[in-house]
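Structure, as structure tokens:
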Amino acid sequence: MPETTMAATLGGVSLDAGDHLCVFYRGQEERDRLLLPFLAEGLRAGHAVLYLGREGEKDTIAARLGGRGNLEIGEPEDGHLRDGRYSPEDLFERLDDWVARTLSSGAAPFGRTAGDMSWASRLMSPGLVPELVGEEIAVTRWLRQYPLVVLCLYDLDLFGGELIIPMVKAHPKVWMAGTLVENPYYLRSTESVVRR
């Protein structure tokens, strides 16, 4: 039985319950160097772990983590997308269901979730950016109800300034180039983040 702790780290940096990080990385190799230890640490600690990954990587990530513990892995259609269309309602349904089965039920004392946002690169449009900003701000409010840490992973090789700058403003903390920053640019309202 793993020793249960109520703590998480990313790249050796301590995180607190309620932390919602925008994690910028370049390429899948760098993502995996950050992501896999974060998820594995949670499994060893007895945490509930949810990863919403890229299309087609569910089995690969499960195998790399040994498929053990309180681990759930989904792909874009299991969270952000419904029939290939962006659906934040489906994401929150999935998150609420996961929390009910794990944290609220007492099956785990602490949780961590990570979402690879690469799917959004295929759907980029001026209308998508304010929707994503609104979702990220809602995630910050939602997760503060629970003993939980959330990482949103954005590949700098896939996204330009039209998404990166609003995503910085939509997250209370930002991880870039091995550094975690309390975000002085964080704004709590979509009106403040994206001009319409």
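The values are calculated or read from the model by the stated rules, or taken from the named source; none is laboratory data. For clarity, every value in this text was computed on a predicted model and none was experimentally measured. Quick reminder, even Gly has a Cβ in these numbers, built from the backbone with ideal geometry, and neighbours come from all protein chains shown.
For this structure, a couple of remarks:
- Enumeration of residues in segment 134-162 that are farther than 30 Å from residue 108 by Cβ and within 16 Å of the chain's Cα centre (by Cα): 156
- Set side by side, the residues 42, 69 differ, and just one is of a type in the set (Gly, Ala, Ser), modelled with pLDDT of 95 or more and over 23 Å from residue 183 (Cα atoms), which is 42.
- Residues located in segment 107-124, provided they are of a type in the set (Lys, Arg) and in a helix (DSSP H, G or I): 122
- The criterion of at least 3 residues that are touching a residue at least 12 places away in the same chain (Cβ under 8 Å) is met by the following strands (runs of 3 or more DSSP E) wholly inside segment 1-91: 8-10, 20-25, 48-52, 71-74.
- Any pair with Cβ under 7 angstrom, 6 or more apart, that starts in segment 111-127 at a residue that is closer than 9 Å to residue 158 by Cβ and ends at one that is of a type in the set (Asp, Glu) and crowded, with 23+ Cβ neighbours inside 10 Å: none
- Segment 125-172: number of residues that are in a loop (DSSP other than H, G, I, E, B) and either among the hydroxyl-bearing types (Ser, Thr, Tyr) or buried (at least 16 other Cβ atoms within 10 Å of the Cβ) (or both): 8
A quick yes/no check of all residues on (1) more than 28 Å from residue 141 (Cα to Cα); (2) buried (at least 17 other Cβ atoms within 10 Å of the Cβ):
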{"position": "16", "(1), (2)": "no, no"}
{"position": "22", "(1), (2)": "no, yes"}
{"position": "43", "(1), (2)": "no, yes"}
{"position": "68", "(1), (2)": "yes, no"}
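This table checks each residue for (1) within 27 Å of residue 94 (Cα to Cα); (2) touching a His at 6+ places or on another chain (Cβ under 7 Å); (3) of a type in the set (Lys, Arg).
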residue: 141; (1), (2), (3): yes, no, yes
residue: 151; (1), (2), (3): yes, no, no
residue: 154; (1), (2), (3): yes, no, no
residue: 171; (1), (2), (3): yes, yes, no
residue: 176; (1), (2), (3): no, no, no
residue: 182; (1), (2), (3): no, no, no
residue: 185; (1), (2), (3): no, no, no
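- Matching residues, segment 142-157, being out of contact with any Lys or Arg (no Cβ under 9 Å at 6 or more places or on another chain) and closer than 18 Å to residue 132 by Cβ: 142, 143, 152, 154
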